[in-house]
Amino acid sequence: MSSKQKKTVYFVRHGQSVDNVSPVIQSIHSPLSEVGKQQAENIANVLSHVSFELLIASPVKRAKQTAEYIAEKTKKDIVFSELFVERIKPSEIDGKPWEDKEAESIWRKWNESLCTPGSRVSDGENYDDIVERVDKALAYLEARQESNIVVVTHGYFLRTIVARVLLGEELNGATMKRLQEHAYIENTAITVIEYRDSFERDFDWHLMTLNDQSHFVK
């Protein structure tokens, strides 16, 4: 009998940040907007009705703030992990306005490098880096003793997790690019993956829910 443990992971994208709705390349220091704070309070209320043992969050400010709302409502301590930060952009463009043509050009080249194995722009994360980090994040979750986990993270990184779960070793630059361009995850939407076995397969990760917005206030 397998000693592996079934578990459910509820991923939450952070609430709307100030830079999400500003004409700038999002800064790592951007806090939640007023809308984002309302979204964070709402998802905290939703998760107060979910049974889970562990709350993990990216330490990036917008994710940290979102997790703090959840922690306060659910009385859970937060475990911060750099594994779940957003794709790491070149430092020289952080927070720069989109009207800065040089910054925009660097951003576009960097964004392409995230779907091009072997390509790198400045000190930004690239395709190989982010896939490796996803693998480490999934291994970290698999190794945890808890069966039900909430993770507050970021849109691009979460879509990369989904891509890896769905495609495994068949993931490549082209399929990464298509998924990133054609899947979307709203602020504070819930995406669920399970680590489980089945009649046909040993334990593996499975996508159960993508971008659940049913709790959104209309």
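Observations on the model:
- Elements of type helices (runs of 4 or more DSSP H) in segment 104-218, at least 2 residues being in contact with a Pro (Cβ under 8 Å, 6 or more places away or on another chain): 127-143
- Where strands (runs of 3 or more DSSP E) sit wholly within segment 1-88, none has at least 1 residues that are over 15 Å from HIS154 (Cα atoms), small (Gly, Ala, Ser) and touching a strand residue (DSSP E or B) at 6+ places or on another chain (Cβ under 9 Å).
- Hits in segment 180-218 - residues which are touching a residue at least 60 places away in the same chain (Cβ under 8 Å) and of a type in the set (Lys, Arg): ARG196
One line per residue, one yes/no per condition, for (1) open to solvent by less than 30 Å² (accessible area, probe 1.4 Å); (2) in contact with a strand residue (DSSP E or B) (Cβ under 9 Å, 6 or more places away or on another chain); (3) within 25 Å of VAL60 (Cβ to Cβ); (4) modelled with pLDDT of 95 or more:
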site: ARG120; (1), (2), (3), (4): no, no, yes, yes
site: GLY155; (1), (2), (3), (4): yes, yes, yes, yes
site: LEU171; (1), (2), (3), (4): yes, no, yes, yes
site: ILE185; (1), (2), (3), (4): yes, yes, yes, yes
site: ASP202; (1), (2), (3), (4): no, no, no, no
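- Residue list for segment 47-70, filter: closer than 17 Å to ILE149 by Cβ and surrounded by 19 or more Cβ atoms within 10 Å (Cβ to Cβ): LEU47, LEU54, LEU55, ILE56, ALA57, SER58, ALA63, THR66, ALA67, ILE70
- Counting the residues of segment 19-41 that are in contact with a Ser or Thr (Cβ under 7 Å, 6 or more places away or on another chain) and open to solvent by 60 Å² or more (accessible area, probe 1.4 Å) gives 1.
The values are calculated or read from the model by the stated rules, or taken from the named source; none is laboratory data. Given the structure is predicted, the values throughout are model-derived calculations rather than measurements. Methodologically, a virtual Cβ is constructed for each residue, glycine included, from the backbone with ideal geometry; neighbour enumeration extends over all protein chains shown. When the accessible area is computed, the model is the full protein with side chains, heavy atoms only, and any ligands, DNA or RNA have been set aside. Shrake-Rupley method; radii C 1.70, N 1.55, O 1.52, S 1.80 Å.
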